[in-house]
Amino acid sequence: MRPHPHWIDYAVIGIYFTFVLGIGFVLKKYMKTSTDFFLSGRSIPAWITGLAFLSANLGAQEVIGMGASGAKYGIATSHFYWVGAIPAMVFVGIFMMPFYYGSRARSVPEYLKLRFDEKTRGLNAISFAVMTVFSSGVSMYAMGKLLQLLLGWDFNVAIIVSALIVLAYTFLGGLTSAIYNEVLQFFLIVIGFIPLVFLGLKDVGGWDGLKTRIGNDAMVHSWKYLGSPSANPMGVEWFSMLMGLGFVLSFGYWCTDFLVVQRAMAADSMTSARRTPLIAAFPKMLFPFLVILPGMIAGVVSAASMRGDAADVPARAGAAFVAQRAASGGISLEGGKGIIPPKVDESGKPLIKDGKTVLDYDLATPMMLVRYFPSGLLGLGLCALMASFMSGMAGNTTAFNSVWTYDIYQGYINKSASDQHYLWMGRAATVFGLAISVAAAYVAREFNNIMDVLQLVFAFVNAPLFATFLLGMFWKRATGNGAFCGLLGGTAAAAVHHGLTLPAGSVPGVKGGFLGLVVHRYPSEMAQNFWTAIFAWTTCFTVTILISLLTKPRPDGELKGLVYALTARPKDEGLSWYQKPVVLAVVVLTVLVMLNWIFW
């Protein structure tokens, strides 16, 4: 099943790598201060920061993960965009960005220090640093898996090459290099995936043909079957969808994750910073058609044309990454669904669970490239996938080096060094951050459910953090002790809930039930993650309020610019009506309602 790339495919990939590295070398001479390196000197226009805001999120979880979810859950996966992203992006642009940008904080943890205290900042900085290197490692793992599958590269070589390329341009050009590369990578992803969707839809007879082939009405409607968990393939109901994903996880990620907020903070003005997530929201709304549809198509397209001399993929590329798979001669589509191959056990045979073949949904999008792209176009498609992985790696790397340098190193290790020393430390953090990410990629290689684990980590960390930010920004009575205890309580609640519940068909372990007593079984891992987030957020919110009422608040004078009631509203003077953030927000929400109605 492995294609035979021609010289033109490698030439396209070589040109892409040349541009990526060239951007880093060109921008190196402009990196003279730590502000230049970590925040791009706050000099980048809104349209560039907007695309970078979106592109920084386009890691392995987005392209491979959403394609896999599309194959497994259908169009309901669009909720991760139309419910789980766009409303929060509007909220952060209109309400939260004035605090981040106006406070002149250099990072999200530093805002927590200004609003609350040092211990709250330290807790968030450490948890965020761990999350970023782990997320970067997942993108490395996915890239290594992709290059094994499509090009037959050795997994170790693929990991090292991707790490060195990201290291080169982020080490040289810092955040500015990462942002401009993210813009380049955004266009590559769009250009690479449009023909894939077009060819796939043409093959199955368009949207109507796809619905007919799927034959499951719940797979082609986003809201119609959310009345009961048993009525839809995702196994969730409307409340957990809205509260768990649409409010807690969504707002927890887009409003507090420094990975994306950092891009807006690099904008050249307050207005540009507020417009950054709103500009990003327009292409974000359309991305389900680029990344979800290929997964849905992969499950129904005929596999007949992938037989014969194209019937085997190097076994090393399988989801389990076991050596035994190499001995089997390749990945067989027998027992799969469409062109989605089955997962295999250590003997190389299809994995059977509860009498059903377990499909390797993570290979849905890569198999679409194998199925539809000829030489030349295959190189473009590979660049699109590599761009998404490298974008996620670089985004996490630049966020890590900022938080490490400003919030951990300067905050606790060396508080009085020169600016040039912190610039040096930022570059050093880029090196050891990527080294840790490489180790994380090998850890990810050992798990078949790494995406579920990553989603669970977000429920543990981002969900309680959003409750802290919500109270901190909009309730001046919230105190540092309340915020710190709330974060600890929310994380503990997530652990207890996860330890007492299990998704259907799972055994106690990493997926839950590890406390020795299972009090509830959810229809799916997705439902369990949503409810874990709800419990974490609610506990943090409640504990923060109770402890804050029992402790002394800070004087109003110390909270100006940090709390909504004590902050002057930004004025958008001298702008055309269509450039104003509020107008952009209204347009975004209008289009969002239309999309949800069309695919109801």
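The values are calculated or read from the model by the stated rules, or taken from the named source; none is laboratory data. No experiment lies behind these values; they were computed from the predicted model shown. FYI the Cβ positions are ideal-geometry reconstructions off the backbone, even for glycines, and counts take in every protein chain you see. With ligands, DNA and RNA removed, areas are computed over all heavy atoms of the protein, side chains included. Shrake-Rupley method; radii C 1.70, N 1.55, O 1.52, S 1.80 Å.
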Report task. Select from region 1-53 the residues that are closer than 23 Å to residue 402 by Cα and assigned to a loop (DSSP other than H, G, I, E, B) and write down the one among them that is least open to solvent (accessible area, probe 1.4 Å). Result -> 31
Query raised in the report: Assuming residue 171 fulfils every condition listed in (1) modelled with pLDDT of 90 or more; (2) under 21 Å from residue 263 (Cβ atoms); (3) open to solvent by 20 Å² or more (accessible area, probe 1.4 Å); (4) not polar (S, T, N, Q) apart from one, which condition is it?
Result: (1)
Requested in this report: All but one of (1) open to solvent by 60 Å² or more (accessible area, probe 1.4 Å); (2) touching a residue at least 12 places away in the same chain (Cβ under 8 Å); (3) under 30 Å from residue 272 (Cα atoms); (4) among the hydrophobic types (A, V, I, L, M, F, W, C) hold for residue 549, so report the exception by its number.
Outcome: (3)
Query - Qualifying residue in region 537-544 (condition: surrounded by 18 or more Cβ atoms within 10 Å (Cβ to Cβ), among the polar types (S, T, N, Q), touching a residue at least 60 places away in the same chain (Cβ under 8 Å) and farther than 30 Å from residue 285 by Cα) - result: yes
Query raised in the report: Given 521, 554, 569, which one is closer than 20 Å to residue 237 by Cβ, open to solvent by 30 Å² or more (accessible area, probe 1.4 Å), not in a helix (DSSP H, G or I) and not hydrophobic (A, V, I, L, M, F, W, C)?
Result: 521
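Anything in region 470-507 that is hydrophobic (A, V, I, L, M, F, W, C), assigned to a helix (DSSP H, G or I) and free of Cβ contacts under 8 Å to residues at least 60 places away in the same chain? List them, or say none.
Correct list: 492, 493, 494, 495, 496, 500.
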Query raised in the report: Does residue 532 count as open to solvent by less than 30 Å² (accessible area, probe 1.4 Å) and closer than 23 Å to residue 119 by Cα?
Result: no
Query raised in the report: Can you name every residue in region 233-266 that is of a type in the set (Phe, Trp, Tyr) and modelled with pLDDT of 90 or more?
Result: 238, 239, 247, 251, 254
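Going through region 157-196 one residue at a time, which ones are among the hydroxyl-bearing types (Ser, Thr, Tyr) and more than 22 Å from residue 380 (Cβ to Cβ)? Don't jump to the end; show me each part of the working.
First pass over region 157-196, keeping only residues among the hydroxyl-bearing types (Ser, Thr, Tyr): 162, 169-170, 176-177, 180.
Residues satisfying the conditions are 170, 176, 177.
Inspect region 364-372 for any residue being in contact (Cβ under 8 Å) with a residue 40 or more places away in the chain and part of a loop (DSSP other than H, G, I, E, B) and give the result as yes or no.
No; the residues of region 364-372 include none that is in contact (Cβ under 8 Å) with a residue 40 or more places away in the chain and part of a loop (DSSP other than H, G, I, E, B).
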**Report entry** Which numbered condition residue 58 fails, given (1) open to solvent by less than 10 Å² (accessible area, probe 1.4 Å); (2) under 16 Å from residue 179 (Cα atoms); (3) assigned to a helix (DSSP H, G or I); (4) of a type outside the set (Ser, Thr, Tyr)
**Finding:** (3)
**Report entry** Listing of helices (runs of 4 or more DSSP H) fully contained in region 192-288 that carry 3 or more residues being among the acidic types (Asp, Glu)
**Finding:** none
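For (1) in contact with a Pro (Cβ under 9 Å, 6 or more places away or on another chain); (2) assigned to a helix (DSSP H, G or I); (3) surrounded by fewer than 23 Cβ atoms within 10 Å (Cβ to Cβ), each residue gets a yes or a no:
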{"site": "379", "(1), (2), (3)": "yes, yes, no"}
{"site": "384", "(1), (2), (3)": "no, yes, no"}
{"site": "390", "(1), (2), (3)": "no, yes, no"}
{"site": "394", "(1), (2), (3)": "no, yes, no"}
{"site": "399", "(1), (2), (3)": "no, yes, no"}
{"site": "403", "(1), (2), (3)": "yes, yes, no"}
{"site": "422", "(1), (2), (3)": "no, yes, yes"}
Query raised in the report: Among the candidates 268, 257, which residue alone is over 30 Å from residue 302 (Cα atoms), charged (D, E, K, R) and open to solvent by 40 Å² or more (accessible area, probe 1.4 Å)?
Result: 268
Query raised in the report: Has region 539-550 got any residue that is assigned to a loop (DSSP other than H, G, I, E, B), within 17 Å of residue 117 (Cα to Cα) and among the aliphatic types (A, V, I, L, M)?
Result: no
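Can you pull out every residue in region 105-129 that is aromatic (Phe, Trp, Tyr), assigned to a helix (DSSP H, G or I) and open to solvent by 10 Å² or more (accessible area, probe 1.4 Å)?
128 - this is the single residue of region 105-129 that is aromatic (Phe, Trp, Tyr), assigned to a helix (DSSP H, G or I) and open to solvent by 10 Å² or more (accessible area, probe 1.4 Å).
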Query raised in the report: Among the residues of region 246-298 satisfying the criterion of being within 30 Å of residue 126 (Cβ to Cβ) and among the polar types (S, T, N, Q), which is nearest to the chain's Cα centre (by Cα)?
Result: 250
Report summary line: When every residue in region 10-31 that is more than 14 Å from residue 184 (Cα to Cα) and free of Cβ contacts under 8 Å to residues at least 60 places away in the same chain is compared, the one farthest from the chain's Cα centre (by Cα) is 29
Query raised in the report: When the residues of region 93-104 are filtered to those that are hydrophobic (A, V, I, L, M, F, W, C) and surrounded by fewer than 24 Cβ atoms within 10 Å (Cβ to Cβ), which remaining residue is modelled with the highest pLDDT?
Result: 94
